[in-house]
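Every number in this text was worked out from the coordinates using simple rules, so none of it is lab data. Nothing here was measured: the structure is a model prediction, and the numbers come from that model. Every residue, glycine as well, gets a Cβ built from its backbone with ideal geometry; the counts of neighbours run over all protein chains shown.
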Amino acid sequence: MSTSLWSSFFPPPVRIALAYVLIAGLWIYFSDRLLLQLTNNQHQLARMATYKGLLFVLVTAGGLLLLLKKALARERQAGSAWHRSEETYRTLFEDNPQPMWVYDRESLAFLAVNDAAVSHYGYSRSEFLAMTVKDIRPAGEVAAQLENVAAVSRGIDKGGVWSHRKKDGCLISVDITSHTLVFNGRDAELVLASDVTATCQIEAQLQLRNRAMEASSNGILISSTRASGMPIIYVNQAFERMSGYAAAEILGRHLAFLGGDDSAQKGLVDIVGALHLGHAAEAVVRCARKDGSPLWIEFSVAPVRDADGTISHFVSAVNDVTERKNYEEQLEHQANHDALTGLANRNLFADRLRQSMIYARRSGRLIAVLLLDLDRFKVINDSLGHRHGDELLRQVGERLGHCVRSGDTVARLGGDEFVITLAEVAESDDIAQVTRKVTEALAMPLLVAERSLQITASIGISIFPQDSDDGETLIRNADIAMYQAKQAGGGTFRFFAREMNQRMQETMEMEADLRRALVRGELELHYQPKVDLVSGAVTGCEALLRWKHPERGMIAPQLFIPLAEETGLIVPIGQWVLRTACLEARSWQDRGLPPLVVAVNLSARQFRQPDLLATVMQTLLETELSPHVLELELTESMIVDNPEAAATTMHKLRILGVRLALDDFGTGYSSLNYLRRFPVDALKIDQSFIADVATDRGGAAVVNSVIAIAHSLGLEAVAEGVETVEQLYFLRGCHCNTLQGYLYSKPLPAGEFVALATSGRRLEW
Ligand code: C2E
Ligand code: CA
Ligand code: CA
């Protein structure tokens, strides 16, 4: 049995009593036996019994006294301990820096308050003791307080955060801890109240700010500098609405993503720069909403530093300024554009011209100013009425807009006067080309008021820098030139510079002559033989165009083919060449010549003609020529413009049975890729390389490798412009297949070519 169980069963007084009864019983039993042994004398026995009784009483009394003394000592000890703990509690209560009080659970009256409560709440002790706990609560919350009191008395809630009112009316938040006790015989509650007003205020403020950020109509984004890539870690609802992106699509990304494709825009560069340099910045940035529509935002980004001054975050406040921007753009457009045609106005035109001149000075290119004035517009306007006159101007503006490239400007200066600036012109011939395009565009009838109108314009052209390097003078000079065009009867153009006019004049005359040349039969074909480098025999020829001008004599193709190309005359001329070459080849066969392959040069424009295939097929049918003896020569530059379309056309021509050769090989792109992708039969090595083979080792290497490439692809290698025996030897050494050049023969008129071919003369070495 354990000691504790023993002591709980027999408390000390019971133990003492039990011991006493046991000792007394033993004493009576043994003392009587002892007495009986000592004597039989009754008298003596009685006396000794009396002594024995006395001794017993004395011992008992002594024991009792001892016990009493011990109990008293214990009592005294207990009393001082109680005193000490009461002291401790009192100190804890009185000197506690936190307000404490005791209140009656029944009446809720304060029973005791400490100094801290008095000083914190501002009530004196006596005022406190005259109040109940209800009196320090704000009126509205008393019910809740009572509820709490009830809860406390049920022992389920011992506190919480409550509002109290101090004597000066100030409300404070206190965190209550309470403890039930008996105080002066009454059921009471001991309360420790710690003031948490400051903490609550911080929390409340944080909450308020949070709510303010959420409720703000401005977009707010927070980026963290602590994570790599400065991700956005917060975005408010306003920004979600503004951008169309959900928060989840924005969080984790860098602010720069807002710029979409246009990450180089200045505003965004400023913002991103500020993030990296750690300073504040403001900018207007063009973003894209999630649906792709433009969103202009006014950005202001500012760094947020932590306690030790390092930047931990950046807060960006953004404002949707799309409407304002649109309005500004609209205003700007109105200020810079002509309301009737939507074209640039004089303002914007002057501005663009200035800009173009800055660029042109750097690039060394030319700028052309074309001043257009419609001929007889006043008459048209008066007869049609102004409304229709306006409609006509609108249509003219639209047509002019289609004649220029994106860097050029078309403006309406007022009335029927238009101006075009061609920025970045490489050479003056390009100006003539645009001028021609403009004239052609205006020459097509316009439909106004259900009437078809034919209009013309007088165009004056000045060129920067040769006619002036100042904008105003350029316009004035263009105006002078325009006046000359008017003087010449309108419907034409004049350059300010005389020599330009002369050149234009010549070109125009040549164009007119060329148109006539076809009709008058001034064109003819010469044929240059192609010789096999093994047998030395003629295997074919190249048809080369010649123009026998009645006054100017023979004109070289380089002089008129570019003009024919530009004017589109090359198409009918090209058809004539093809037809003539096929007819000729047919007649050679009829005369019993061996089947010679005749090569015809195609121009770029011809090659792009959608009906090229039909034309070739029809020509072959009409001339009854076998397609295998027709070869078409193309250049790489025709192919690279639109490789897919070119490949399709070439495949179709090959299916017809026509041979294809790549002309001037080596001067263009000479990409092996092209060679593989395009179905050709022969490579014609450009004469510039052949000229070099005997003198220049680099040139020889090029020719050698071109021939090797041709052979590795199963193509025929043709050397053009072979003039010397050295070249011939070199080419033979490289196993070149075919030779064409003055060494064997110049291009010959048809009759002479037939004579040569029938003579059977071989190339000798
Ligand atoms: P191309 O197709 O490279 O024609 C070869 C040119 O080299 C021809 O000049 C020819 O006369 C010249 N030639 C031939 N052998 C020699 C030689 O040994 N030495 C030198 N120095 N030259 C030689 P051509 O006939 O003046 O033709 C020039 C260009 O005009 C041709 O160059 C071709 O691109 C174009 N062309 C000629 N006829 C036509 C045609 O009917 N239609 C098209 N679209 N272009 C043509
Ligand atoms: Ca050629
Ligand atoms: Ca050539």
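3J(HN,Hα) along the stretch 455-460, derived from phi through the Karplus expression 6.51 cos²θ - 1.76 cosθ + 1.60 where θ = phi - 60°, amounts to 10, 9, 9, 9, 10, x Hz, with x in place of Gly and Pro. Between amide H atoms placed 1.01 Å from N, distances below 5 Å from Gln98 occur with no residue 5 or more places distant or on a separate chain. Taking label points 7 Å from Cα along the Cα-to-Cβ direction, Ser587 and Glu499 give a separation of 4.6 nm.
Highest mean first, what order results for 571-581, 586-596, 201-211 on Cβ atoms within 10 Å?
So the peptides 571-581, 586-596, 201-211, ranked by packing, come out 571-581, 586-596, 201-211.
With the largest listed first and rounded to whole Å, the semi-axes of the equivalent ellipsoid of the stretch 183-286 from the Cα gyration tensor are 46, 15, 12. Charges were assigned to the Cβ only: +1 to each Lys and Arg, -1 to each Asp and Glu. The resulting dipole of the stretch 261-413 about its Cα centre is roughly 720 debye.
Candidates Gly273, Ala248, Tyr29 compared by Cα position along the dipole of the chain: farthest toward the positive end lies Tyr29, with charges placed on Cβ.
If we sort 720-733, 242-255, 442-455 on the protection proxy, mean other Cβ atoms within 10 Å, highest first, what's the order?
720-733, 242-255, 442-455
Check every DSSP H run in the chain and write down those whose alpha carbon atoms cover 27 angstrom or more along the long axis and whose mean Kyte-Doolittle hydropathy is 0.5 or greater. The answer, listed by residue number, is 12-38.
For the stretch 120-125, putting each phi into the Karplus relation 6.51 cos²θ - 1.76 cosθ + 1.60 with θ = phi - 60° gives couplings of 6, 8, x, 7, 6, 4 Hz, in residue order, rounded to whole numbers and with x for Gly and Pro. Stretching the chain fully between Arg762 and Ala139 yields a gain of 211.5 nm (0.36 nm per residue, less the alpha carbon separation). The helix-based estimate of mean residue ellipticity at 222 nm for the chain, built from -39,500 (n - 2.57) per DSSP H run of four or more residues and divided by its residue count, is -16000 deg cm²/dmol to the nearest 500. Beta bridges assigned by DSSP with both partners in the stretch 510-758 are antiparallel in approximately 40 percent of cases. The dipole here belongs to the chain: it is taken about the Cα centre, uses +1 on the Cβ of Lys and Arg and -1 on the Cβ of Asp and Glu, and is about 3980 debye. Hey, if you put +1 on the Cβ of every Lys and Arg and -1 on every Asp and Glu Cβ in the chain, which of Gly414, Val722, Ala488 ends up farthest toward the positive end of that dipole? The residue sitting farthest along the positive end of the dipole is Gly414.
Residues Leu756, Leu393, ranked from the fewest to the most other C-beta atoms within 10 Å, line up as Leu756, Leu393.
Give, to the nearest whole percent, the P(r) tail of the chain beyond 45 angstrom, counting all Cα pairs. The proportion of pairs with Cα distances above 45 Å equals 64 percent. The residue among Gly460, Gly760, Ser688 whose Cα reaches farthest toward the positive pole of the charge dipole of the chain, with charges on the beta-carbon of Lys, Arg, Asp and Glu, is Ser688. The alpha-carbon of Lys325 sits under 13 angstrom from the alpha-carbons of these aspartates and glutamates, leaving out residues fewer than 8 places away in its chain: Glu298.
Fewest neighbouring Cβ atoms within 10 Å first, the residues Ile570, Ile233 line up as Ile233, Ile570.
Listed by Cβ neighbour count within 10 Å, with the fewest neighbours leading, His333, His164 appear as His333, His164.
In nm, what is the difference between 0.36 nm times the number of residues separating Ser217 and Ala614 and their Cα-Cα distance?
Computed gain between Ser217 and Ala614 is 136.2 nm.
Computed over every Cα-Cα pair of the stretch 525-638 and binned at 5 Å starting from 0, the pair-distance distribution P(r) comes out as 2, 11, 20, 23, 19, 14, 9, 3, 0 percent. Calculate the FRET efficiency for Leu181 and Ala61 from the Cβ-Cβ distance with a Förster distance of 51 Å, rounded to the nearest 0.05. That gives a FRET efficiency of 0.70. As a test, work out the antiparallel percent of DSSP beta bridges whose residues both lie in the chain, rounded to the nearest 5. DSSP beta bridges in the chain are roughly 75 percent antiparallel. Under a model in which nothing but the beta-carbon of Lys, Arg (+1) and Asp, Glu (-1) is charged, the stretch 679-731 shows a dipole of about 160 debye around its Cα centre. Once the Cα-Cα distance is subtracted from the 0.36 nm per residue extended length, the Thr473 to Asn210 segment shows a gain of 88.3 nm.
From the Cα gyration tensor of the stretch 510-758, with a ≥ b ≥ c the square roots of its eigenvalues, which class applies: rounded if a/c is under 1.5, or else prolate if a/b is larger than b/c, or else oblate? Rounded is the answer for the stretch 510-758, as its axis ratio a/c remains below 1.5. Taking amide H as placed 1.01 Å from N in the peptide plane, the amide H of Leu181 sits under 5 Å from that of Ala188, Glu189, Leu190, each at least 5 places away or on another chain. Residues whose amide H comes within less than 5 Å of that of Val597, counting only those at least five positions distant or on another chain, are Gly540, Cys541 (H built at 1.01 Å from N in the peptide plane).
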